[in-house]
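The values are calculated or read from the model by the stated rules, or taken from the named source; none is laboratory data. None of these values were measured; they are calculated from a predicted model. We place every Cβ from the backbone using ideal geometry, glycine too, and count neighbours over all the protein chains shown. We work out accessible area using only protein heavy atoms, side chains counted, and drop any ligands, DNA or RNA first. Shrake-Rupley method; radii C 1.70, N 1.55, O 1.52, S 1.80 Å.
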Amino acid sequence: MDILSIILAASGGLILGGIISGAILQKFAKGKSKQIIKEAELEAEVIKKDKILQAKEKFLQLKEEHEKIINERNNKINDAEKKARQKEALISQKLDEITRKEKDSSVIRENLMRQIEIVNNKQAELEKFQKKQIEQLEIISGISADQAKTQLVEALKDEAKTASLAFIKEFQDEAKLTASKEAKKIIIQTIQRVATEHAVENSISNFHIENEEIKGRIIGREGRNIRTLEGATGVDINIDDTPDTIILSSFDPIRREIARLALHTLVSDGRIHPARIEEVVAKTKKQLEEEIIEVGKRTTIDLGIHGLHPELIRMIGRMKYRSSYGQNLLQHSRETANLCAIMATELGLNVKLAKRAGLLHDIGKVPDDEPEIPHAILGMKIAEKYNEKPEVCNAIGAHHDEIEMTSLISPVVQVCDAISGARPGARREVMDSYVQRLKDLENLAMGYGGVEKAFAIQAGRELRVIVESEKITDKQAEELSFQISTKIQSDMTYPGQVKVTVIRETRAVSYAK
């Protein structure tokens, strides 16, 4: 067998094998596809049955819900019909009653008409009888009925007037007696509920030091430090009178407090020289001003008073460093405010307005520049300036009867001010007259041109006047000292003598940068 035959035989075998294998594969594929189709049909049948069951269940559920809704509606309709039948029966019953009442009322109406006719006939007969009686009385008395009526009315008027006057007098006497008792009761209760300490006359403050070395540093070389401190604060400083104590003397409590705080700062810091003293005094004045505002705020909060103008709050704080006949002005104003609140409560008045007016009633004593008008009028103008209510302004201005009272709060403030000031130990007039004399000394000096500051020290025995060096020469300073001393001799009354010291100081200041 040659190679060609072998190749052909091999090719034929391959072809025959491919045909046979293809036929086998085709038969296998047909069997597989039939099996898949059969499984799919079975699965579809199962799904179909499930869907049919679900549809039946859904249908039954919807049918049940629908029947439930229909039953509820039927029940409502039945209830409505039942109520309608009941209302219809009730209406029929009421109609029957109305019909019966109409029949009864027609009978009653007929009876009433007959009775009215009888009454009218009787009234006509009575009028005829009365007229006949009046005619007979007129014939007997000799006057007409109208004249008799007029005389009777006049007699009754006089009798009623006399009786009413007697009743009015009786009621007035009883009211006066009752009012007097009630007023005394209210005032006594008000006084009993307020208790404060007695006034203490004091124009000095003590500052304790640890040793003599500090005292020497405060005095400074040739007394420059202490002179600078006295000039800056306007306070008389006594060092040698009491061991380990520096006495600060001044009628003005604010000056004494500034000097005390400044000394405390200087001693704590250790640097004591004229420039430092002036710096500390200026800083202390600013700190004290802030403290004054804080005192005013704290006072208004304690008393429950709100809405005050900031300037009024500052003035209330300054009351702490003012006195009236030896009585601290802030303490007096707080006491008056509390008294006003108690009395206003008893009388049924506005407690907040009464307390506000009581606190502000002496605000006219606070300003440093005291004009020639009463402090009550000045306080009223200040209150009006800062938009206080008319009742409060009137109470401030009228508490010493300078103006007419126009509200019920005004007499309450006047009475409470008198209670606070007139109680035993509240005031001492000697202190106030002393302070006024020192103020008059300072104001007299400030009336001259070129005067920058004026301080009355040594209990009024020395007047220290600081002038502006640019406006006053040394020669004019001597003349000014003589003029002020002459003016004091002619215009003022004082014990002993007053030393007038005019201080003129020139400074040259420059800065190295």
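The table below gives the values:
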| read-out | value |
| --- | --- |
| Identity of the residue in the stretch 380-401, in a helix (DSSP H, G or I) and farther than 13 Å from Arg356 by Cβ, that ends up most open to solvent (accessible area, probe 1.4 Å) | Lys385 |
| Flag if Leu16 is modelled with pLDDT under 85, among the hydrophobic types (A, V, I, L, M, F, W, C) and assigned to a helix (DSSP H, G or I) | yes |
| Members of the stretch 404-422 that are modelled with pLDDT of 85 or more, open to solvent by 20 Å² or more (accessible area, probe 1.4 Å) and β-branched (Val, Ile, Thr) | Thr406, Val415 |
| Residue that is most open to solvent (accessible area, probe 1.4 Å), among those in the stretch 315-332 that are closer than 12 Å to Thr299 by Cα and of a type in the set (D, E, K, R) | Lys320 |
| Enumeration of residues in the stretch 294-314 that are open to solvent by 20 Å² or more (accessible area, probe 1.4 Å) and under 24 Å from Lys439 (Cα atoms) | Glu311, Arg314 |
| Hits in the stretch 462-506 - residues which are open to solvent by 100 Å² or more (accessible area, probe 1.4 Å), under 51 Å from the mean Cα position of the chain (by Cα) and at pLDDT below 75 | Thr493 |
| Which numbered condition Glu335 misses (of (1) open to solvent by 70 Å² or more (accessible area, probe 1.4 Å); (2) charged (D, E, K, R); (3) at pLDDT 85 or above) | (1) |
| Hey, Leu359 assigned to a helix (DSSP H, G or I) and either open to solvent by 10 Å² or more (accessible area, probe 1.4 Å) or modelled with pLDDT under 85 (or both) or not | no |
| Which numbered condition Ile457 misses (of (1) among the β-branched types (Val, Ile, Thr); (2) at pLDDT 85 or above; (3) in contact with a strand residue (DSSP E or B) (Cβ under 8 Å, 6 or more places away or on another chain)) | (2) |
| Checking Ile316 against (1) closer than 25 Å to Arg256 by Cα; (2) among the hydrophobic types (A, V, I, L, M, F, W, C); (3) in contact (Cβ under 8 Å) with a residue 60 or more places away in the chain, the condition it does not meet | (3) |
| Extreme residue, most open to solvent (accessible area, probe 1.4 Å), among residues of the stretch 362-379 that are under 14 Å from Leu329 (Cβ atoms) and assigned to a loop (DSSP other than H, G, I, E, B) | Asp368 |
| Residue in the stretch 431-448 that is at pLDDT 85 or above, charged (D, E, K, R) and within 27 Å of Phe251 (Cα to Cα) present | yes |
| Residue under evaluation Ala282, criteria (1) in a helix (DSSP H, G or I); (2) open to solvent by less than 10 Å² (accessible area, probe 1.4 Å), criterion not met | (2) |
